[in-house]
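Note sheet for the following structure.
Just so it is clear, none of the values below were taken in a lab; they were calculated from the coordinates. Treat the numbers as computed from the prediction; the structure is a model and nothing was measured. As a convention, Cβ positions derive from the backbone with ideal geometry for all residues, glycine included, and neighbour counts pool all protein chains shown.
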Amino acid sequence: MHNYIRAELYRIFHKKGLYIYFVILSLLYVVSVLMRSPIFSSPVAVSDSYIFALLPFFIGGPLFASIYNDDLNARTLPPIIGFGRSKVFIALCKLLVTIVMVVLHYLLVFVGFCAIHLLLRTGIDHILVSTILEMLIESILLTIGFILVTNIVTYGIQKPTFSIVAYLILCMELISDMVKNILQSSMISNIFGDLTGYTLPRIASRFSEGIAASKFDAMAFIQYLIYLLVAFSILSIVFNKKELEF
Amino acid sequence: MNKIIEIKDITKKYKSITAVDKVNLTVNKGDIYGLVGKNGAGKTTLFKLIMGLIPQDSGQIIIESSDSKKKISLARRKLSFMIGSSFFPYLSAHENIEYYRRLKGIPNSDETKRVLKMLKLDNVKKPFKHFSMGMKQRLGLASALLGSPDIIILDEPVNGLDPEGITEIRRIIKKMNKEHGITFIISSHILSELELTATKFGFIDHGKLLMEISSEDLYQNTQKSLVLQVNDVQKAIILLETQLNAKNYKINRFNEIELHDFIEAPDKISELLMKNGVKLYKLEKKGMTLENYYMELIGGEQNA
C-alpha cells in the first residue's frame, strides 16, 4: 500500500499542469481580493462568497482529474492489477491519496489566503480566520465525499469525461437542492420524517460548525463516515464487476 | 522442462460468445512463446486471464506452481507485461518508469536508469505525449523489463517500429531471455518477425488453441519441397519419374524443379542426377513461412 501511495504522490507532484492551474487560480484570487477589498474582510461577506462555496469545484475538480481520470486516460490500471493488486486495494489506496491531496491543498489554500490578506493588508483578524477555517473544513469533507460518490460512476463506466462531468455536477448546489426537494416531498417525509439533515452537505456543515465552536460533533462525524463507507462499498462492488478496458 | 505457466481447460465467455474455449497451454521456463492468431482469435482475452484482469468461467491457471488464488496473486508480481501504452502523457520517460518502480516497490533507484539505458531512452527529456510510436513501444518494453521479472508478456511489441527498431527489440528480447532467463510470451501480427524470435508457438483461432509446437518441430513441418536447378530439366524429370517414382513436382517460373517427394533424402536426388550426367546447380530445401503455415492450419485464406 505504501509503495502505491508513494508512486501516486510522485506522479501527481510531477504534473506540471496542476501547478500552472493553481498559480493561475491564486492570481485570480489576488485580483478578486484587490477588487473587493475592504468588504471582503468581513466574515459575513466571506460566508456569502461563492468563491469559497465553489472550492470543491475549483480545488476538487483538478485533483479528482489528476487522481482518477489520468489513470483512465493513460490506461495504467491494468498493469497494476496484472502486478497482483486487487481492485479494492487500488480503490482504497486512491481514497487515501485523495484524503492526503485534498487536505494538503486546502491547507495551502488556508496558508495562501492568510498570506495574501496579510500582504495586501486587508485587515485580517481572528474572526475572519476562524470563519475561513470552518468553510475549509466543510469543503474538505464535501470534496472527499463527492469524489468518493462520483467514483461509483468512474469505476462503473470508466469514461474519463463522463466521470469529471459527474463530479462537477455533484459539486453544484443543483444536485443537493434536488435531493433536498425529494426528501421534503410528502411521500418521503410522511414515511421517514425529515431526512434533509442527513444529506452530505448538511452533515459536513454541522460538523464544521461544531469545530468552529470548538466542539466535536461525534454524531455528524459518524454519519459522515457511514457515507464514506457505503459509497466505498458500492464502488468496490461496481469496480469488481466491471472489466477494465485496455 | 520447468513449467512456468500452465493453463488447463480454461474457458471465458462473454454472453453468447466464447472468447476462449477450453484452452490448454504450457509455457516452460526460458521459452520465448509466440502466440499466433488473427484479431479476435482470443489472444488478448488469454492475456487478460493470465494477468488476472478477468476471471475465467472454468479451468485453471497455474503460475510458477501456484494454483490458489492468493498464491497466484503473489506469483503475478514476478510477471510483467506490455499491452498498449500505459503511461501518463505529461510525464517524461524517466518519470513514467520511476512511477512503476515505486509502485512495484523496487528499492534500487538505479533500476530506472538501467532499463531506460537498455532501450536508449535515458537521454529523452520530453513528455510521453510527444513520443513517436517507436519510442512508446520502447518505453513499454522498458517498463516490462523493470525489476527483471521471471515472465514478460508482450502484445504486439514491434507494432509501428521501423526495421531498425524491430531488430533492436528482437535483440533485447533474445538477450534478456539468454542472459537473465526471462520467459517471454509474445503476440505479433508480424509473423515473420515472430518466426525469428520465438522458440515455441501456439496457434489460436476462434478461442481454441489449435496447436502448440516448438520452433524445431515447426521448422521440420514447414520444409515442404526441394528446389532443383539443373542444366537439363526434361532429362532430370524423366530420371526422377522412372528411377525414383517421384510424382509430386512442378516447374516454377525460374525453370526450377520444385520436388515435394524425398524432402528428407536430398542426397538420393543429387546422386541420381550426377550419375546420369545432369549438372546440378542448386539443391535446397524450401519451407513455408509461418504465415502460410498458420493460414493452412486455420483452413485457408478465406478464414483469415
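Annotations for the structure displayed:
- The mean sequence distance of close C-alpha pairs (under 8 Å, at least 6 residues apart), as a share of the length of chain A, puts its relative contact order at 25 percent.
- For a label point 7 Å along the Cα-to-beta-carbon line of A:S26, residues of region A:113-138 with backbone N under 17 Å: A:113-121
- Qualifying chymotrypsin sites (Phe, Trp or Tyr not before Pro) for region A:176-216 [loop in DSSP, other Cβ within 10 Å: at most 16]: A:F216
- Candidates B:E241, B:E195, B:E98: whichever shows maximal mean-square fluctuation once chain B is modelled as a Gaussian network with Cα springs under 10 Å: B:E241
- Whole-Å distance, taken between Cα centres, linking region B:29-54 and region B:82-113: 24 Å
- Tail fraction, Cα-Cα pairs, region B:1-103, threshold 15 Å, whole percent: 68 percent
- Part-to-part distance (alpha-carbon centres) for region A:160-217 and region A:85-132, which is given in Å: 21 Å
- Rounded to the nearest 20 debye, the dipole magnitude of region B:135-255 is 280 debye, with +1 charges on Lys and Arg beta carbons, -1 on Asp and Glu beta carbons, and the Cα centre as origin.
- In chain B, the longest principal axis of the Cα atoms and the axis of helix B:93-104 are about 70 degrees apart.
- Note on region B:220-291: with charges restricted to the Cβ of Lys and Arg (+1) and Asp and Glu (-1), its dipole about the Cα centre is near 140 debye.
- Angle of helix B:133-145 to the longest C-alpha principal axis of chain B, folded into 0 to 90 degrees and rounded to 10: 70°.
- Highest mobility in the GNM of chain A, judged by mean-square fluctuation with C-alpha springs under 10 Å and restricted to A:G156, A:G112, A:G60, is found for A:G112.
- Charge tally around B:R171: other residues with Cβ under 14 Å, Lys/Arg +1 each, Asp/Glu -1 each, net +2.
- Across the alpha-carbon atoms of region A:2-241, the computed radius of gyration and Dmax are 19.0, 57 angstrom.
- Excluding same-chain neighbours fewer than eight residues apart, the aspartates and glutamates reachable from A:K15 by a Cα-Cα span under 12 Å are A:D70, B:E95.
- All distinct Cα pairs of region B:220-291 go into the 1/r average, and the inverse of that average, the Kirkwood radius, is 12.2 Å.
- Among the DSSP helices (H) of chain A, those spanning at least 24 angstrom by Cα along their long axis with an average Kyte-Doolittle hydropathy of -0.5 or more are A:16-36, A:87-119, A:126-157, A:218-241; this is a geometric and hydropathy rule only.
- Cα gyration tensor, region B:121-175 - rounded (a/c under 1.5), prolate or oblate: oblate
- Its relative contact order, with pairs defined as Cα atoms under 8 Å and 6+ residues apart, puts region B:143-189 at 56 percent.
- Principal axis dimensions, largest first and in whole angstrom, of the protein assembly as shown by Cα: 115, 55, 38
- Only the Cβ atoms of Lys and Arg (+1) and of Asp and Glu (-1) were treated as charged; on that basis the dipole of region A:2-241 about its Cα centre amounts to roughly 820 debye.
- Chain B - percent relative contact order, Cα under 8 Å, separation 6 or more: 19 percent
- Fraction of alpha-carbon pairs over 31 Å apart in region B:3-206 - percent: 18 percent
- Annotation for region B:212-304: trypsin sites (Lys or Arg not before Pro) lying in DSSP loop with at most 15 further Cβ atoms inside 10 Å of their Cβ are B:K247, B:R253, B:K279.
- At R0 = 22 Å, FRET efficiency that the Cβ-Cβ distance of B:K69 and A:H2 yields, to 0.05: 0.40
- Subset of B:K8/B:K43; B:K38/B:K70; B:K8/B:K71; B:K136/B:K178; A:K159/B:K71; A:K87/B:K174 violating a 23 Å alpha-carbon distance limit: B:K38/B:K70; B:K136/B:K178; A:K159/B:K71; A:K87/B:K174
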